[in-house]
Amino acid sequence: MSADPKKRVVVTGLGVMSGLGQELGEFWSNLVEGKTSIARVSHFDPSDYTCQIASQVGDFTPGDFFTNAKTAKSNDRFTHLAVAAARRAVGDAGLDLGKVDKSRMGVMVGSAFGGMATFEEQTLKLSAGGPKKVSPFTIPALLGNTASGIIGIELGAQGPNFGVTSACAVGSHAIGEALNALRRGDADVMVAGGSEAAVTPLSFAGFCAMKAMCTQFNDKPAEGSRPFDADRCGFVMGEGAGVLVLETLEHAEKRGAKIYAELAGYGASCDAYHITTPAPGGAGLARAIEAALRSGGINKEEVGYVNAHGTSTAYNDKFETLALKAVFGEEGAKKLKVSSTKGGTGHTLGAAGGIEAVIAVKALETGVIPPTINFKTADPECDLDYTFNKAATVPDLKVAISENLGFGGHNAALAFKKV
């Protein structure tokens, strides 16, 4: 069945797990105030690594978010974060799980790495003690779709459910595909977003070997992620999860739900250029943004804010700037409010699209644009209004875009409208 572009879909719940906060209010307040959660890595000893900093989620008890605490123990941290964010989103939406038609409720939550910590831990056990030392929970714990599956089990959601994987674009892709499921009539409610827990020795070593991560601010972690600044030197990893509750407008209104915003459009594309480097000029990302605008019937002039991918890497930030100019025109792009919030959250990889969708929705709700922090030196190739260092107020904000890129040339964009 094809999607009905006229079927309206709205956001009714938001959930986030981040180094900046595990409650929506705390997270948003810290973000708007320009705070950062980036510090020296504590999950393992980073002394031998060229990058030694990351954003890590503070202590929490995973079992508090599971129906059975034993289930939490057999799962990876990325699933813990996803379930916690999903529980918070469902609670924020005021969904009565006893009254929702579970066959019409689905889940789409993605991850780039899946159970990376489980993979590393069990590999060490195999090497040290042989196959009999490997946990029987290893395979389900490390699978990338497990977070989506466990959320479905925890909520009793029996509708469409699968994990999406497209590296750092996965959260946006999951939300966009959930939109399509609702427009096709496959469900009335979808729980969607992304989760990641890849602050682990192997993933750090791999990214350091690629020379992709920030290495010049180990002694000043808070200053390490500096999107669009001339002295940016690589991304700073983060972990977390961001989840939205999406409903058809009809379903939300029928139950008297609070509505944050409308998810009006979704676009996806591929650079077909290089496995890690964005296409020169940002043409692929531009196509995804344009597709999201078409999908939502949105005029370019209506867009007031773009939550940029903004990884604080040389190529991404330059080409992303060019992509926005390609879509909105040279002058039109300069009228936009743009910000990258990764200076506060770190680059949460597969969770980025989910967390940043939450941010875009909150910006629409409040009319406040969170800042791009740590700006000191202008880059002539990054010459838009990036809301540097201080939040801005846009009381008449009507449309916000959240967009992400991922290794493999994946691009995804979401268009949210004020209701």
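The values are calculated or read from the model by the stated rules, or taken from the named source; none is laboratory data. Small disclaimer: the values here were computed from a predicted structure and weren't measured. Virtual Cβ from ideal backbone geometry, glycine too; neighbours counted across all protein chains shown.
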(Q) Return the residues of segment 119-150 that are surrounded by fewer than 15 Cβ atoms within 10 Å (Cβ to Cβ) and among the aliphatic types (A, V, I, L, M); say none if nothing qualifies. (A) Leu124, Leu126, Ala128, Ile139
Q | Count - residues of segment 314-346 that are part of a loop (DSSP other than H, G, I, E, B) and crowded, with 24+ Cβ neighbours inside 10 Å | A | 3
Q: Any residue in segment 292-313 that's over 25 Å from Thr348 (Cα atoms): show its pairings with residues that are modelled with pLDDT under 95 at Cβ separation under 8 Å, as long as the two are six or more apart or on different chains.
A: Ser295/Pro5; Gly297/Pro5
Q | Among (1) more than 18 Å from Lys318 (Cβ to Cβ); (2) assigned to a helix (DSSP H, G or I); (3) touching a strand residue (DSSP E or B) at 6+ places or on another chain (Cβ under 9 Å); (4) touching a residue at least 24 places away in the same chain (Cβ under 8 Å), the one test that Gly284 misses | A | (1)
Q | Criterion: within 25 Å of Gly185 (Cα to Cα) and buried (at least 20 other Cβ atoms within 10 Å of the Cβ) - qualifying residue of Met116, Met108 | A | Met108
Q.
Being of a type in the set (A, V, I, L, M, F, W, C), surrounded by fewer than 24 Cβ atoms within 10 Å (Cβ to Cβ) and in contact with a helix residue (DSSP H, G or I) (Cβ under 8 Å, 6 or more places away or on another chain) is true for just one of Leu263, Leu202. Which residue is that?
A. Leu202
Q: Please indicate, with yes or no, whether at least one residue in segment 5-21 is basic (Lys, Arg), exposed (fewer than 14 other Cβ atoms within 10 Å of the Cβ), in contact with a helix residue (DSSP H, G or I) (Cβ under 9 Å, 6 or more places away or on another chain) and assigned to a loop (DSSP other than H, G, I, E, B).
A: yes
Q: For Lys70, state whether it is outside any strand (DSSP E or B), modelled with pLDDT of 95 or more and in the same structural domain as Val189 (by the TED database).
A: no
Q: For Tyr305, state whether it is in the same structural domain as Val358 (by the TED database), aromatic (Phe, Trp, Tyr), within 22 Å of Cys168 (Cβ to Cβ) and part of a strand (DSSP E or B).
A: yes
**Q.** All positions within segment 377-399 that are of a type in the set (A, V, I, L, M, F, W, C) and either closer than 17 Å to Lys325 by Cβ or part of a loop (DSSP other than H, G, I, E, B) (or both)
**A.** Ala378, Cys382, Leu384, Ala391, Val394, Leu397
(Q) When you scan segment 391-399, do you find a residue that is within 27 Å of Asn180 (Cα to Cα) and acidic (Asp, Glu), even just one? (A) no
Q. Out of (1) under 21 Å from the mean Cα position of the chain (by Cα); (2) of a type in the set (D, E, K, R); (3) over 22 Å from Gly354 (Cβ atoms), what's the single condition that is false for Lys337?
A. (3)
Q. Which of the following residues is modelled with pLDDT of 95 or more, under 22 Å from the mean Cα position of the chain (by Cα), in the same structural domain as Glu356 (by the TED database) and assigned to a loop (DSSP other than H, G, I, E, B): Ile289, Ile298, Ile275?
A. Ile275
(Q) Could you check segment 347-383 and list, in sequence order, the residues that are touching a Pro at 6+ places or on another chain (Cβ under 7 Å) and surrounded by fewer than 24 Cβ atoms within 10 Å (Cβ to Cβ)? (A) Gly367
Q) Among the residues of segment 33-47, which ones are outside any strand (DSSP E or B) and either among the acidic types (Asp, Glu) or under 18 Å from Gly238 (Cβ atoms) (or both)? A) Glu33, Gly34, Lys35, Thr36, Ser37, Val41, Ser42, His43, Phe44, Asp45, Pro46
Q | Tabulated pairs, segment 16-43, first more than 20 Å from Gln216 (Cα to Cα), second among the hydroxyl-bearing types (Ser, Thr, Tyr) and assigned to a strand (DSSP E or B), C-beta under 6 angstrom, 6+ apart or interchain | A | Gly19/Ser55; Phe27/Ser18
Q: Would you be able to say whether some residue in segment 352-371 is at pLDDT 95 or above and farther than 24 Å from Gly240 by Cα?
A: yes
Q) Going through segment 173-204 one residue at a time, which ones are part of a helix (DSSP H, G or I) and hydrophobic (A, V, I, L, M, F, W, C)? A) Ala174, Ile175, Ala178, Leu179, Ala181, Leu182, Leu202, Phe204
